[in-house]
Each structure stands twice: as structure tokens, then as C-alpha cells.
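Structure record follows, encoded as C-alpha cells.
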Amino acid sequence: MTILVEHFVPDSRVEEKKLTEERNEELVLDGGFVVPQSKETDGFDAPDMNFLGHSFRDYENGLSDRQQGVEEFYRMQHIHQTYDFVKKMRKEYGKLDKMEMSIWECCELLNSVVDESDPDLDEPQIQHLLQTAEAIRRDYPNEDWLHLTALIHDLGKVLLLPEFGGLPQWAVVGDTFPVGCTFDSANIHHKYFKGNSDNNNPKYNTKNGVYNEGCGLDNVLMSWGHDDYMYLVAKENDTTLPHAGLFIIRYHSFYPLHKAGAYTHLMNDEDRDDLKWLHVFNKYDLYSKSKVQVDVEQVKPYYVSLINKYFPAKLKW
């Protein structure tokens with residue numbers, strides 16, 4: 001199912017102005033999460049700085065221990081994420097034999113996870129999920145599939161937990177990229193790919209590598225992590241989310257594509273349609289990160305209703 005983002009015009013956005021505080025021009029949603037409003041568009045207003053006082057996705061500021069750790073993370077990721085490694089992980093985790101639980105139970109499991117690759121976030125993951133979902137819900141009130149996609153997009157980070165094998169951070173989080181073809185220079189900390197064995201393999205180090213131009217991203221192996229895992233979980237448990245929702249889940253960390261325009265030669269027409277939705281989603285995923293927390297219990301009934309609409313009661317993970 002493909003939905004075109006062009007269908008949306010500013011006039012279709014929810015009229016929430018009665019809740020707007022005149023002084024701060026901020027919207028307080030059901031869960032108490034404050035969403036800054038833009039004076040120009042009456043939509044979501046992306047902040048300029050993250051909680052550290054730096055620009056979002058600032059990977060070059062070496063002043064903080066956290067960002068030094070982020071660079072070390074990418075060094076390890078770029079060295080170890082090979083074509084053979086990804087195939088091995090997909091075969092192992094594609095069995096979906098780790099656990100049976102509901103989507104909401106997985107959301108609660110994520111409370112103990114903090115993403116070490118993210119220079120913008122140090123809150124429990126469930127807060128990031130709800131902040132993203134609530135911000136999208138405000139601007140796209142009728143697209144409930146997109147609200148749910150936002151809620152579940154990072155659930156694959158349970159791979160960090162012992163129950164799921166306790167994979168290292170570099171095998172779970174961070175920006176993603178195709179394996180089996182050359183590592184584009186648009187990738188963060190590209191210099192560390194020189195330590196990846198695929199980098200010197202003529203089978204994998206050309207522009208197309210093992211793929212055909214225009215083959216479609218469904219046919220491309222991505223670096224292993226929470227994105228691809230949650231995509232497999234949703235797909236194999238017969239979710240009724242539209243294809244655009246699955247596309248967002250699988251490629252939301254594929255920043256070389258949706259920020260830099262790299263790897264577009266591998267896309268097909270369906271990918272290009274879905275990418276429009278990913279661009280919508282990405283603004284909220286990145287810039288809704290906040291120290292202001294959502295009241296989980298207040299919003300839970302709404303999101304549980306969406307889970308019941310699009311997923312079975314229990315999923316295999």
C-alpha cells in the first residue's frame with residue numbers, strides 16, 4: 001500500500017489552537033508533552049539545539065565524553081558490519097524464537113535501554129518513542145498508522161538486552177547503510193570503513209556490488225540492527241501497517257539516503273514514494289527529542305488501541 005505525502009496540505013492539520021499558550025506558543029498534548037509550534041506554519045517547530053547545547057547530529061564536537069564515545073561506536077560498527085555478518089544475523093534473528101510478547105510489553109522492556117550511538121538523547125527509549133509519536137499525532141491526526149509506526153520504530157533495540165542475546169551496541173543502533181556494495185562517503189565517520197574486510201573485496205566494493213541498479217531496497221541487505229530486526233518482526237507477524245510504515249521502520253536510520261541522497265541508484269518507484277513519508281517521519285524522530293517527558297499512563301489507552309488494530313495480541317520476537 002503506497003500513500004503519497006503530497007495529499008497533505010496545511011489546512012488539513014488539526015486545529016489545536018485552544019490549547020496554545022499565548023506566551024510560549026507551545027502545544028501540550030494528552031500526555032503532557034510540549035510540542036513547540038512554528039509561527040510560520042502552525043506546525044512542529046524543530047529546535048536548534050539538543051540537550052547538550054549542540055546542533056542535532058553533531059558528530060564532530062569532541063568536547064564531550066559522550067560524543068567521543070559515539071565516534072568509537074562508529075569505528076566498531078564500520079569495521080564489523082560486513083555482508084557475511086548481516087546474513088548471519090538475519091538468519092539467526094529471523095527465526096523469531098527469542099520471546100513471545102505484545103507490542104506494549106516490548107515498549108516497557110525498552111525502559112532500560114539507552115542508545116550510546118545517539119549524541120542527542122540520554123533518556124529511556126520509551127520516552128523518545130512517545131515524544132515522536134505525540135508530535136506526529138498533533139500534525140497528522142488522521143494518520144493513525146503513522147502514530148503507531150512512530151511508537152514502534154525503535155523497539156528492535158531490545159536486541160541489546162540479555163533475553164535477546166545482548167548484542168553489542170554496534171550491532172543494534174546507529175546509522176544504517178547497505179552492505180554488499182561500496183560504502184558511500186556520505187556515511188558518518190566514513191574513514192573507519194577502511195578496516196572493514198568488504199572494503200577490499202572486489203565483489204562488494206563497487207557502486208552496485210552484488211545488486212542491480214534500480215533493484216529496490218527490499219532486495220538490498222542493510223547493516224544489521226534494530227531497524228531491520230523490527231521490520232522482520234512486524235512483517236513476519238502479519239502486521240496490517242501500510243508498506244510506508246514498514247519502510248519507515250526499516251530505513252529510519254538510513255541517514256546516508258534520506259539526509260544525503262546517497263544510494264538512490266538502488267531504489268525503485270515504490271521506494272521513492274515511501275521515501276516521502278520517511279522524510280515526514282524523520283523530522284519528528286530527530287527533533288522531538290526532549291527532556292520534557294510524556295505521561296505514559298495518559299497516552300497508553302490510545303496507543304494500545306492502535307496496537308490492537310494493526311497487530312496480533314502476541315508477537316514472536
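Throughout, read-outs are computed from the coordinates displayed, never taken from laboratory work. This one's a predicted model, so the numbers in the text were calculated from it and none came from an experiment. Quick reminder, even Gly has a Cβ in these numbers, built from the backbone with ideal geometry, and neighbours come from all protein chains shown.
For the pairs LYS157/LYS276; LYS191/LYS276; LYS157/LYS283; LYS88/LYS316; LYS91/LYS316, flag any whose C-alpha to C-alpha distance is greater than 22 Å.
Too far apart for the 22 Å limit: LYS157/LYS276; LYS191/LYS276.
For segment 135-266, what relative contact order do you get, as a whole percent, if you take Cα pairs closer than 8 Å and at least 6 residues apart?
Relative CO of segment 135-266 lands at 32 percent.
I'd like the Karplus ³J(HN,Hα) series for segment 173-190: coefficients 6.51, -1.76, 1.60, θ = phi - 60°, whole numbers in Hz, and an x wherever there's a Gly or Pro.
10, x, 4, 10, 7, x, 10, x, 8, 4, 7, 5, 5, 6, 5, 4, 6, 4
Sort 208-218, 241-251 by packing, meaning the average of other beta carbons within 10 Å per residue, with the highest value first.
241-251, 208-218
Based on Cα coordinates alone, diagonalise the gyration tensor for segment 258-317, multiply each eigenvalue by 5, take square roots, and list the semi-axes in whole Å, largest first.
After scaling each eigenvalue by five and taking roots: 30, 20, 10 Å.
For LYS95 and GLU270, FRET efficiency with R0 = 22 Å and r from the beta-carbon atoms, rounded to 0.05?
With R0 = 22 Å, the Cβ-Cβ based efficiency is 0.20.
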